[in-house]
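Novice: Take this structure, written in structure tokens, and hold onto it; I'll ask about it next.
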Amino acid sequence: MNCKKRKTKANQCSLEEKESCMEKRFGTWAEILDITILIGTLIVLGAWVFGVPLFYRTDGPVLSIFTAISLLVIVGLRLSTRHFHLWPFTANLAFLMIVGGGNISSILMLLSAPAVHINPKSTLVMTSVFTSIGLVFFSIYEILLYLRKTPKSIWILDDILIHLALVPG
């Protein structure tokens, strides 16, 4: 129900109506943010593909192509889940594990041989360790949300293992 249309005697919304109004408002803001990130990552990816990365300097921070791909996959999954009701649940888990695994491998490469992978003259820009850690944690968080819509506990490793065992291949 819409909080503006239906009022109680005290000219206030009931608790359920307020929660519904807040959920709709947060859902709208999440949608706007997801679409903004999607457009931004597509622009960044396009710039990298055409060889003119945005705001790129060899001595300054830049959004790497790998970070843009990770963000594009995460936001694409969120929008697909929201708008395509037949979107497969297992695809979300698979893509989020690919994002998490790719960022874990990026962390391991940078920690094992930083001099080899961090070259200021290279056209290839690696994702930073801290950005990769953030993307890994966000992937884990998204996986937890897909496995259990309202996590009651952050320690639901048993649910993760059960769902992974049920996912073929």
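The numbers here are math on the coordinates, done by the rules we state, and not lab data. Keep in mind the model is a prediction, meaning the values are calculated, not measured. Here the Cβ is made from the backbone with ideal geometry for all residues, glycine too, and neighbour counts use every protein chain on show.
Novice: Exposure proxy check: 28, 81 ranked by fewest other beta carbons within 10 Å?
Specialist: 28, 81
Novice: Can you put 109, 22 in order of Cβ neighbours within 10 angstrom, beginning with the fewest?
Specialist: 22, 109
Novice: If you rank 52, 129, 75 by fewest surrounding Cβ atoms within 10 Å, what's the result?
Specialist: Neighbour counts put them in this order, fewest first: 52, 129, 75.
Novice: Go ahead and run the numbers for FRET between residue 20 and residue 82, Cβ-Cβ distance against an R0 of 22 Å, rounding to 0.05.
Specialist: 0.80
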